[in-house]
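Accompanying notes for the structure given below.
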Amino acid sequence: MKLTRRLTLAAFAGALSMSVAMPAFAADLIAIITPSHDNPFFKAEAVGAEAKAKELGYETLVLVHDDDANKQSQLIDTAIGRGAKAIILDNAGSEASIAAVQKAKDAGVPSFLIDREINATGVAVSQIVSNNYQGAQLGAEEFVKLMGEAGSYVELLGREADLNAGIRSKGYHDIIDEYPEMKMVAQQSANWSQTEGYSKMETILQANPDIKGVISGNDTMAMGAIAALQAAGRKDVIVVGFDGSNDVRDSITSGGIKATVLQPAYAQAQMAVEQADVYIKTGKGPAEEKQLMDCVLINGENAAKLETFALTN
Amino acid sequence: MSTFRAAALFTLAIALALPGCKIVKTPTAEEAAEEASGGFNPARQVAGLWDEKVIPFLDKRAGTFQEVSSLAKSDLDAAAAKYGHKEKEGSAPWTFVAKVSGTIIKAETKSRAAYLETDVDGDGKGDVRIQIGPVIKGTALRDSLDFVNFNEFKNQIQWAEFGKAFNTHVIGLTLDKLPREGMEGKAIEATGAYPLPSAGQPALFTPATITIGG
């Protein structure tokens, strides 16, 4: 049954490739679909995946869905139409993406998810995600320590449709809320965006000039917040981010942001391509579909060793 | 529809509805959360597993802290096979099950992430930090068990809630009742778990059972 479907699909893909006059011995194609590369985190994923795919002899098709589930659905169609052998996907929403990944599976194209999980198993072959809860706890423990276990603070949340926004916030609060003298005076979403991080921080600061700290769901919002704080002359406010970007590394080493949490984005993307390669060649998936990658706390002690979402020794 | 018929129907509706009447108690926050997440109740799940599976598993799996930590240093694979557990894929460190038997040399109780620095080999130096809450770092108890698996949970959020429920359970069961003063010099026995510490870091141990003597 499955074989018949594969054969039909292969015939279909063959016909398709002939009709667009693909070279006869073109290498197999891997599609790499992520959110916008404006955020260096997603760029590192795409670059990491592409490098590994080329190293293993694949052609690549690098696309961005801009966190738009409709656009993601069209890109999946494109990948299927181009006869991709696998899709590496950082998806556009944990619920909305299930159908898109299912569509690829039905067309015989396996998906390997990175960074964000979907609320379903058995649809993708792999879901390799950062252990956001473990990472958020590390960030929160450092934040509480820097705050002296007391004081008013602000939380900047990520985009609501993204499960990672919720899990990081949960990880933060499971630690911070255990300290009765830590008081959250504002909690707002800045949608992972640096410009929104800046404008939200500006407004919050006007209403709450007495804040002592800001904990942010990612690094780009943290960069926006620190810029707004510095513009207002508030160099005393403690800012903690999440991702481990080079921008935040530079801010830490120059005395701006105090800490962040490294997600191994580059390694994660490469691992997904390796698993895709094994699957394409042998039909074998990993032992477990959902795979958690531990995060690492980055502060003044180890920031200098950080480069493109990886720690050097 | 005439007013009379409407009234009659209304009466009939009440008459029909009454036998099915029951007193519904206002759901607690926990029950409301369970309802919202489609029947997921980590606190109840952990309470149900605790005596029947968790404690027997830890008792059977544990080596003395000295055995476990020295084997982990000399032969990590052997230590992992005997005392360790981690998810099959991913990059989490091994979590080891151990029994600590020693003397408290320092009680860090100023922070809410309180711990007891414990000497197990009688050299007067701390070998392991036993967390006593109310803030417990990490999810070592969950991570030490070979019969629970992230892939059986809907997503990271539920897996995280499940992990925290172990900590909350042990806090309510024993850690909350421990004294916070005059702990130094006392004997301590604990069974629990700790993740392989990174180089140069002390082992951070989460107890499942703990007894503090004189």
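Every read-out reported here was derived from the displayed coordinates using simple, explicitly stated rules and does not represent laboratory data. Quantities reported herein were computed from a predicted structural model and do not represent experimental measurements. Note that each Cβ is placed from the backbone with ideal geometry, even for glycine, and that neighbours are counted across all protein chains shown.
Values as computed for the structure displayed
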read-out	value
Estimated [θ] at 222 nm from DSSP helical runs (n ≥ 4, -39500 (n - 2.57)) normalised by residues in the protein assembly as shown, nearest 500	-13000 deg cm²/dmol
Kirkwood Rh, Cα atoms: Rg over Rh of chain A	1.04
Full-extension gain in nm, B:ASP176 to B:LYS154, via 0.36 nm per residue minus C-alpha separation	4.8 nm
Shielding by partners - mean other protein chain Cβ count within 10 Å, residues of A:289-296	5
Rough spin-label spacing in nm, given labels placed 7 Å along Cα→Cβ, for A:GLU181 and B:LYS106	2.1
Whole-Å semi-axes of the ellipsoid equivalent to the range A:157-220 (Cα gyration tensor, √5λ, descending)	18, 18, 8
Computed lengthening from A:HIS37 to A:VAL278, 0.36 nm per intervening residue step minus Cα-Cα distance	84.0 nm
Other protein chain Cβ atoms within 10 Å, averaged over every residue that makes up B:148-156	6
Three-way shape call for the range A:132-262 based on the alpha-carbon gyration tensor, with the a/c threshold at 1.5	rounded
In range of the label at B:GLU189: residues from the range B:94-115 whose backbone nitrogen is under 19 Å from the point 7 Å along Cα→Cβ	B:97-105
Mean-position separation - Cα centroids, the range A:149-221 and the range B:51-66, in angstrom	40
Förster radius 30 Å - calculated FRET efficiency between A:LEU311 and B:THR28 (Cβ-Cβ, nearest 0.05)	0.10
Violating pairs (Cα-Cα greater than 25 angstrom) within the set A:LYS52/B:LYS73; B:LYS125/B:LYS186; A:LYS103/B:LYS154; B:LYS73/B:LYS125; A:LYS43/B:LYS86	A:LYS52/B:LYS73; A:LYS43/B:LYS86
Cα-Cα over 21 Å, subset of A:LYS71/A:LYS105; B:LYS53/B:LYS106; A:LYS183/A:LYS258	B:LYS53/B:LYS106
Table column - 3J(HN,Hα) (Hz), the range A:275-282, Karplus curve with 6.51, -1.76, 1.60, x for Gly and Pro	5, 5, 4, 4, 5, 4, 7, 10
Listed residue (A:ILE238, B:THR191, B:ALA160) projecting farthest to the positive dipole end of the protein assembly as shown, Cβ model	B:ALA160
Environment charge of B:VAL128, counting only residues whose C-beta is closer than 10 Å and scoring Lys/Arg +1, Asp/Glu -1	-2
Neighbourhood charge, 11 Å Cβ-Cβ cut-off, centred on B:GLN156 and excluding it, Lys, Arg +1 and Asp, Glu -1	+3
Listed peptides B:121-134, B:162-175 by packing density, highest first (mean Cβ within 10 Å)	B:162-175, B:121-134
DSSP-defined antiparallel bridges as percent of all bridges, the range B:41-212, nearest 5	85
For A:127-138, mean number of other protein chain Cβ atoms within 10 Å	4
Loop-located GluC sites (Glu not before Pro) in the range A:98-193, at most 12 other Cβ atoms within 10 Å (DSSP)	A:GLU160, A:GLU181
Dimensionless Rg/Rh of the range B:41-212 - Kirkwood Rh, Rg from C-alpha atoms	0.95
Computed E for A:GLN206/A:SER254 - FRET, C-beta separation, R0 25 angstrom, nearest 0.05	0.45
Measure of compaction for the protein assembly as shown (Cα Rg per 2.2 N^0.38 Å)	1.11
Extension gain, B:ASP75 back to B:ASP123 (0.36 nm per residue minus Cα-Cα distance, nm)	14.9 nm
Dipole magnitude (debye, nearest 20) for the protein assembly as shown, charges at Cβ of Lys, Arg, Asp, Glu	940
Ordering of A:62-68, A:216-222 by burial proxy (mean other Cβ atoms within 10 Å per residue, highest first)	A:216-222, A:62-68
Gyration tensor (alpha-carbon) shape descriptor, the range A:194-313, a/c threshold 1.5	prolate
Dipole magnitude of the range B:86-163, debye to nearest 20 (Cβ charges: Lys/Arg +1, Asp/Glu -1, about Cα centre)	280
Using alpha-carbon coordinates, inclination of helix A:97-106 to the longest axis of chain A, degrees	20
Cβ crowding within 10 Å averaged over residues, with A:29-38, A:69-78 ranked highest first	A:29-38, A:69-78
